[in-house]
1. Using amide H atoms built in the peptide plane, which far-off residues or other-chain residues are under 5 Å from Ala33 H to H?
2. Please return the longest stretch of the chain lacking exposed loop sites, where GluC sites (Glu not before Pro) count only if DSSP places them in a loop and at most 10 other Cβ atoms lie within 10 Å.
3. Can you work out the Karplus-derived ³J(HN,Hα) for every residue in segment 100-108? Use 6.51 cos²θ - 1.76 cosθ + 1.60 with θ = phi - 60°, whole Hz, and x for glycine or proline.
4. Output the Kirkwood hydrodynamic radius of the chain, Cα pairs only, in Å rounded to one decimal.
5. Taking only Cα atoms and a 10 Å spring cutoff, compute GNM fluctuations for the chain and point out the largest among Leu106, Leu65, Leu52.
6. How many nm separate the modelled label positions at Glu74 and Arg95, each set 7 Å beyond the Cα in the direction of the Cβ?
7. Given the options Thr78, Thr45, Thr20, state which has the largest fluctuation in a GNM of the chain using a 10 Å cut-off (strictly under) for Cα springs.
8. On a full-extension model of 0.36 nm per residue, what is the gain between Ile12 and Leu62, subtracting their alpha-carbon distance, rounded to one decimal in nm?
Amino acid sequence: MPTPPAPSVGRIVHYVSHGTPPREDGSQAFPQACRAAIVTEVDATDPTQVGLHVFNPTGDFLHPLAAGGSCYHEGGETPGADDCPNTDQHGQPFRYCGCGWAEAALRGGTWHWPERV
């Protein structure tokens, strides 16, 4: 896989919203979702950490570096321990394993490059 480009001010990226906590029935008022965002600043020492202007259907959200910014996350699978005795069970039906494996998913509060279609 090619190395993704470095972020720069003005670039369009996707921000992954956190979503609201699940209700007792498992539903959410606002589920986790990708939102359009524009990079407003880039950390000089860590270019994966950026400030964003996020565009939500219900209003804009500013996420500056001074407030912690947003870090890059490509959503890849988290590998588990090499000696895991249950690798055949990864993803069937579990999303996580005691060895540290976790299925591919985008974390809330992070950014990634839009998928090319």
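1. Result for Ala33 returns Ser17, Gly19.
2. The answer is 25-114.
3. Along segment 100-108, the couplings run x, 5, 9, 5, 5, 6, 8, 7, x Hz.
4. Working: mean 1/r = 0.0624 Å⁻¹.
Radius from the Kirkwood sum: 16.0 Å.
5. Maximum fluctuation in the GNM of the chain, among the listed residues, is at Leu65.
6. If labels sit at Glu74 and Arg95, their model points lie 2.2 nm apart.
7. In this elastic network of the chain, the residue with the biggest mean-square fluctuation among Thr78, Thr45, Thr20 is Thr45.
8. 16.6 nm
The numbers here are math on the coordinates, done by the rules we state, and not lab data. Just so it is clear, the structure is predicted and the values come from calculations on it, not from any experiment. Please note: Cβ atoms are built from the backbone with ideal geometry, for glycine as well, and neighbour counts cover all protein chains shown.
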